[in-house]
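What follows is a set of notes on a single structure, which appears directly below.
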Amino acid sequence: MMDSLILRTATRLLLALMILFSIFILWRGHNEPGGGFVGGLICAVAFALHALAFGVKEMKRLLVLDPRSLLGGGLLLGILSGFFAGPGGDPFMTARWIIFKDATGAKALALGTPVLFDIGVYLVVVGALLAMVQALMEED
Amino acid sequence: MIAWLVASPILVPLTTAALCAVFWNRPSLQRVLSLTGSTLLLILAGLLLARVMEGGVQVAQMGSWAAPFGIILVADTLSALMILIAAVMALAVAVYALGDVDAVRERGGYHIIFQVLMVGVCGSFITGDLFNLYVWFEVMLISSFVLLSLGGTKEQIDGAIKYAAINLIATACFLLAVALLYGVTGTLNMADLAVRVPHVANKGLVSTIAVLFIIAFGMKAAVFPFFFWLPAAYHTPAVAVQAIFAGLLTKVGVYALLRCFTLIFTGDMGWTHGILLWIAGATMLTGALGSLAVRDLRRALSWQVVAHIGYMIMGLAIATPLAIAGTVFYLVHDIVVKTNLFLGAGVVRRLSGGDTSYAKLGGLFTAAPILCIVLFVPLASLAGFPPFSGFWSKLLLVRAGLAVENWAIVAAALVTGLLTFWLVGRLWAEMVWKANPDGDALGTTSLGGAARVALVAPLVLLSAITVTIGFYAEPLMRVSAMAADGLVDPQAYIDAVLGAVPTTPTLVGAADTAAMEVQP
């Protein structure tokens with residue numbers, strides 16, 4: 001933990017921004033460069049920065065869940081996204097889509113199971129990185 | 001729905017691992033999950049083998065992407081049999097771990113990593129894609145690094161570093177070979193490769209790639225001359241970990257060799273299988289001699305893992321249907337026996353106060369007579385005494401060797417058998433008959449009620465399997481012959497993969513895929 005007023009003040013501002021940005025990257029990855037992995041990295045960096053400024057204890061309080069449970073949860077979500085193929089009789093991991101249309105009948109929004117998988121990846125990356133950060137910072 | 005059954009050997013341990021990770025701080029719940037997951041895997045693996053025996057090669061296209069573009073999972077008789085036997089080992093070791101793995105290792109995530117290891121092992125057995133095989137090897141390797149160093153003693157870190165170093169080289173070779181093969185053929189689907197590799201004009205390059213694969217898989221399988229990491233690493237981690245490593249990990253390398261050198265690289269058999277034959281003989285002899293040179297039970301068993309890999313490579317190198325059937329039979333027999341021996345050595349270590357060097361062993365028969373009888377089964381099977389499974393597997397391979405009149409390799413196999421017999425005699429004398437140097441050895445009652453059941457029950461189960469295979473070898477012989485037929489003539493495998501009708505994914509909510517396209 002670094003005892004620096006500048007870092008603490010900046011982190012307060014940056015934390016929310018970085019988490020928002022990571023979610024934006026996750027969402028954008030649906031059709032454009034980005035995705036769960038990069039988004040997860042940005043989110044994990046946000047929390048790591050918080051741990052640097054305020055200490056690991058504060059980070060754990062902010063995170064509520066154990067990062068390792070977060071990792072498991074993400075993995076479960078990723079597996080679950082593959083199971084949506086089951087009811088239609090398709091093999092594991094076949095994508096499922098719900099397509100919303102606007103008044104003219106053109107496409108408005110397509111929601112699919114790949115997003116769910118990406119959120120799973122996001123959580124796995126956040127969980128794995130923060131577990132490492134926590135272990136390394138608690139060591140000293 | 002068959003596609004889900006084919007994918008289940010990956011899905012079940014993966015889900016178990018994820019659930020265990022969610023409950024990271026509750027080891028008691030993880031134990032229940034690990035046992036449940038292993039049991040479920042065993043049931044599904046049994047169903048899968050039954051389905052394959054009945055209906056031939058089963059194929060699943062992940063995400064409905066058809067071969068050769070998507071990732072295909074293929075269950076033929078060999079794959080299904082290997083998954084079934086791996087599932088049996090997973091269950092036996094999961095039970096043993098209840099009595100063996102200490103609280104520190106459990107908090108370090110033992111159950112999670114163990115299940116991830118099973119994902120890697122089962123994935124390697126079932127995949128029909130060479131790059132996907134690489135991925136499963138990585139999954140297996142990373143989890144085995146963790147398992148190997150979990151506990152963090154000096155000896156373990158030393159073994160883990162050797163293991164990591166050799167495996168990095170093996171992985172680099174594997175990746176290089178995969179890249180070259182893709183450059184030459186433009187595909188990595190194994191069935192598609194089987195069709196295209198014979199038409200490659202540059203035969204020399206194909207032979208080079210084949211040798212790279214021998215090196216890559218040979219390092220994992222610990223064959224001569226890449227075996228040295230194994231005796232350095234295998235005796236260091238927790239007993240449950242040793243047992244699953246000795247039983248399964250090296251055999252995945254053998255399986256990969258068996259798959260690639262019956263399906264893909266069959267064009268220049270004089271060259272590739274000639275190399276394999278030399279490797280087989282050298283592996284057998286060095287392993288057996290090494291096991292006689294050390295004076296420690298667990299180290300001797302580690303060397304024996306190397307020796308018996310040689311037998312399996314011998315069957316592959318001879319490559320007649322009988323020899324391949326012998327290799328498959330040997331794989332099953334050896335997985336059961338090696339896991340059993342390492343689990344048994346763990347119990348012996350506890351009874352002798354934490355040391356398995358010959359100087360500290362002895363007096364086991366007066367202290368724990370029933371344990372001795374249970375341990376006699378895998379030891380006798382290792383040496384190839386007639387009623388046990390080791391006898392039949394060696395008989396098949398020696399007969400296959402005699403049939404092709406390859407006297408040298410038959411002689412090597414028989415000499416190795418004799419040396420193994422010598423080792424078993426020595427182990428028996430040191431461990432069971434000799435008087436204990438520190439007075440009386442402890443009996444199994446000293447292990448404590450629940451731990452005693454957890455530690456001894458898997459030994460009894462695995463010994464029962466060995467005895468059953470020994471006295472009633474017919475069913476396994478039939479399955480092995482079926483697997484060998486499928487390997488020697490892979491047309492059914494190729495047809496099943498490339499001929500599978502692509503399934504069109506069903507759309508929910510709208511019938512037109514155009515609606516999914518992005519509007520600028």
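The values are calculated or read from the model by the stated rules, or taken from the named source; none is laboratory data. What you are looking at is a predicted structure, and each value in this text was computed from that prediction instead of being measured. Ideal geometry is used to build each Cβ from the backbone, glycine not excepted, and the neighbour counts take in all protein chains shown.
Does B:SER124 satisfy the criteria of being within 18 Å of the chain's Cα centre (by Cα), closer than 21 Å to B:VAL497 by Cβ and polar (S, T, N, Q)?
Answer is yes for this residue.
Which one is nearest to the other protein chains (Cβ to nearest Cβ), of the residues in segment B:48-59 that are surrounded by fewer than 24 Cβ atoms within 10 Å (Cβ to Cβ) and either part of a helix (DSSP H, G or I) or not β-branched (Val, Ile, Thr) (or both)?
The extreme case among them is B:GLN58.
Mind checking which helices (runs of 4 or more DSSP H) fall wholly inside segment A:20-122 and carry at least 1 residues that are buried (at least 17 other Cβ atoms within 10 Å of the Cβ) and away from chain B (no Cβ under 14 Å)?
In segment A:20-122, the matching helices (runs of 4 or more DSSP H) lie at A:36-54, A:56-63.
Name the pairs whose Cβ atoms lie under 8 Å apart, with the first residue in segment B:283-305 and part of a loop (DSSP other than H, G, I, E, B), the second of a type in the set (Gly, Ala, Ser) and buried (at least 20 other Cβ atoms within 10 Å of the Cβ), and 6 or more positions between them or separate chains?
Between residues of segment B:283-305 that are part of a loop (DSSP other than H, G, I, E, B) and residues that are of a type in the set (Gly, Ala, Ser) and buried (at least 20 other Cβ atoms within 10 Å of the Cβ), the close pairs are B:VAL294/B:ALA300.
Suppose we filter segment B:65-109 for residues that are touching a helix residue (DSSP H, G or I) at 6+ places or on another chain (Cβ under 7 Å) and within 14 Å of chain A (Cβ to nearest Cβ); how many remain?
Qualifying residue count for the region: 9.
Among the residues of segment B:1-47, count how many are surrounded by fewer than 17 Cβ atoms within 10 Å (Cβ to Cβ) and farther than 30 Å from A:VAL126 by Cβ.
Summing the residues that are surrounded by fewer than 17 Cβ atoms within 10 Å (Cβ to Cβ) and farther than 30 Å from A:VAL126 by Cβ in segment B:1-47 gives 6.
Would you be able to say whether some residue in segment B:434-443 is in contact (Cβ under 8 Å) with a residue 24 or more places away in the chain and part of a helix (DSSP H, G or I)?
Looking for residues that are in contact (Cβ under 8 Å) with a residue 24 or more places away in the chain and part of a helix (DSSP H, G or I), one finds none in segment B:434-443, hence no.
Hey, any hits in segment A:3-14 for a residue that's touching a Gly at 6+ places or on another chain (Cβ under 7 Å) and either hydroxyl-bearing (Ser, Thr, Tyr) or farther than 28 Å from A:ALA110 by Cβ (or both)?
no
Could you check how many residues of segment B:388-420 are under 24 Å from the mean Cα position of the chain (by Cα) and either without any contact (Cβ under 8 Å) to a residue 24 or more places away in the chain or outside any helix (DSSP H, G or I) (or both)?
4
Give just the number: which of (1) crowded, with 21+ Cβ neighbours inside 10 Å; (2) out of contact with any helix residue (DSSP H, G or I) (no Cβ under 6 Å at 6 or more places or on another chain); (3) among the polar types (S, T, N, Q) does B:SER357 not satisfy?
All conditions are met except number (1).
For segment B:264-282, how many residues are of a type in the set (Phe, Trp, Tyr), part of a helix (DSSP H, G or I) and in contact (Cβ under 8 Å) with a residue 24 or more places away in the chain?
Summing the residues that are of a type in the set (Phe, Trp, Tyr), part of a helix (DSSP H, G or I) and in contact (Cβ under 8 Å) with a residue 24 or more places away in the chain in segment B:264-282 gives 1.
For segment B:220-230, enumerate the residues that are crowded, with 24+ Cβ neighbours inside 10 Å and either assigned to a helix (DSSP H, G or I) or modelled with pLDDT of 90 or more (or both).
If the condition is that a residue be crowded, with 24+ Cβ neighbours inside 10 Å and either assigned to a helix (DSSP H, G or I) or modelled with pLDDT of 90 or more (or both), then B:LYS220, B:ALA221, B:ALA222, B:VAL223, B:LEU230 are the ones that fit.
If the requirement is being buried (at least 23 other Cβ atoms within 10 Å of the Cβ), touching a His at 6+ places or on another chain (Cβ under 7 Å) and small (Gly, Ala, Ser), which of these qualifies: B:ALA325, B:ALA345, B:ALA280, B:ALA317?
B:ALA317
Check B:GLY417, B:GLY439, B:GLY384 and return the single one that is at positive phi and either touching a Gly at 6+ places or on another chain (Cβ under 6 Å) or aromatic (Phe, Trp, Tyr) (or both).
B:GLY384
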